[in-house]
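Here, each number is a calculation from the coordinates, and none is a lab measurement. As the structure is a computational prediction, the values presented were derived from the model and not from experiment. Virtual Cβ from ideal backbone geometry, glycine too; neighbours counted across all protein chains shown.
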Amino acid sequence: VSKDENISDEQIMQALRDCGEDLRRGTESRLSRHRRAAVSAALEEMSSAAEVDTNPKNRDGILFRSLMQSAAVCTVVLGGVLLFQHSPFEAIPQPARDVARTMLPSGESMSPQQEEIEAADIDGELTDAYAGLSAAADPLFAEDETDSDGFSKESGDDFDGQHEEASVLTALAPDYYSLEVGSPADFRQLEDQNDEYSA
Amino acid sequence: VFGDAQTVSEELTGLKPFGNMTDAELIAEIRQGRSASAFRPGASASAYSERSRQALGELLNRHYAWLARLCLMEIREQTAALDCLQEIMLEIAKSISRFDGRSALRTWMFVIAKRVSARYRSKERQLQDRFPLGKEDDVSMNDAGMRTEGDDAEEQLLLSERNRRLLGLSRMLPEKQRYAVFFHYFEDLSVEETAERIGCSAGTVKVHLFRARESLRRFFDDEAEKVQREGRS
């Protein structure tokens, strides 16, 4: 093609296609030996790569890695269980939460955080009161010896015990127990009445 | 009486011949062979079953030709081109079990081929820089990176003089134009298929092809001018 003649787009495209066809023919006919060698070498490489995996030392390594992974998973699960058991949400029992809710006027609600704080306070007070109640009740039950008539041998101590119990409860949780049980003054008055009755 | 030999073999063994399998089926076969025997207590020679090795052999044979042509277009010297091709096939064999099918298999292979051949091209360029006085056509290298002569891929493949020149010119195009020309003209793929293989839009492929043709036209014009000048003198 001379410089003066314009090479058309179609001519260039056709030349490239011819070149591609020539190249395809050449590779098919001239490279068959290399093809066989290349494919076998690749298969050998595949086998040797796999042999590395089946090497006992590497298998030990894989076993060790698996064990470490299992140990890590167990640690996470156990940690989760322990955290769940000691979670602040579970530390406060449901009754305290119910009490906290009932303290609100109807129609109002408190945020979860407020509910937690209130429930924790109530739970503390209830726990203390229960501990006091148990402490006061122990001597009562310890002296629970009755005579043949079914009455207590030392019937006068019952009032003392009740008085002691009520005092403890009143001292520990005055807001909750003073109304039901009465103040120490009421008890003194009750004791006087009891003395009069005994007399 | 017995029908097609492959069909009979399939009926007898219950196994589909590799020649009838798609690429995806061959890959599944390779994976299946690996999972069945890998890490088996007492596994000695290979963790791949014989069938999975055969499947890989079929896959590599199937894709050998176009990978070879790609290497021969990318790298001028045939020994280096075939070394590059060998390395590409090793890479494919090593990582085929990790192929996850997110792209087409040929696209995945092309990415590997592009990466490996870029390394060889860079080596070839360094060699040309080391021997700047030699004519470009005479510069070549062997495995040891030494300069040799008369080992051009075009010569070995018995290409016609015009096609040898055209292949040499195509090799000098920018990367994207080169790949567009290779897949569309040399491999006879459609513009859409070329776009999928290269990883760009069909419009972009058309632009690359147009620019490549313009560059080649300039080469031809210069060549024609040179021939005219020599004829006059």
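Worth pointing out:
- Under-5 Å amide H pairs with residue B:189, H placed in peptide plane, nonlocal only: B:184
- Spin-label model, residue A:109/residue B:102: points 7 Å from Cα along the beta carbon direction are separated by 4.4 nm.
- Distance between the modelled labels on residue B:190 and residue A:63, one decimal in nanometres: 5.6 nm (7 Å Cα→Cβ projection).
- The simple Förster model, with R0 at 56 Å and r as the Cβ-Cβ distance, assigns residue B:207 and residue B:50 a FRET efficiency of 0.70.
- Phi to ³J(HN,Hα) by Karplus 6.51 cos²θ - 1.76 cosθ + 1.60 over the stretch B:50-58, Hz, x for Gly, Pro: 4, 5, 5, 5, 5, 5, 5, x, 5
- When B:66, B:108 are sorted by how many other C-beta atoms sit within 10 angstrom of their C-beta, beginning with the fewest, the order is B:108, B:66.
- Note that the stretch B:196-201 has calculated 3J(HN,Hα) couplings of 5, 5, 7, x, 9, 7 Hz, one per residue in order, obtained from phi through the Karplus relation 6.51 cos²θ - 1.76 cosθ + 1.60 (θ = phi - 60°); glycine and proline are x.
- At R0 = 51 Å, FRET efficiency that the Cβ-Cβ distance of residue B:22 and residue A:77 yields, to 0.05: 0.70
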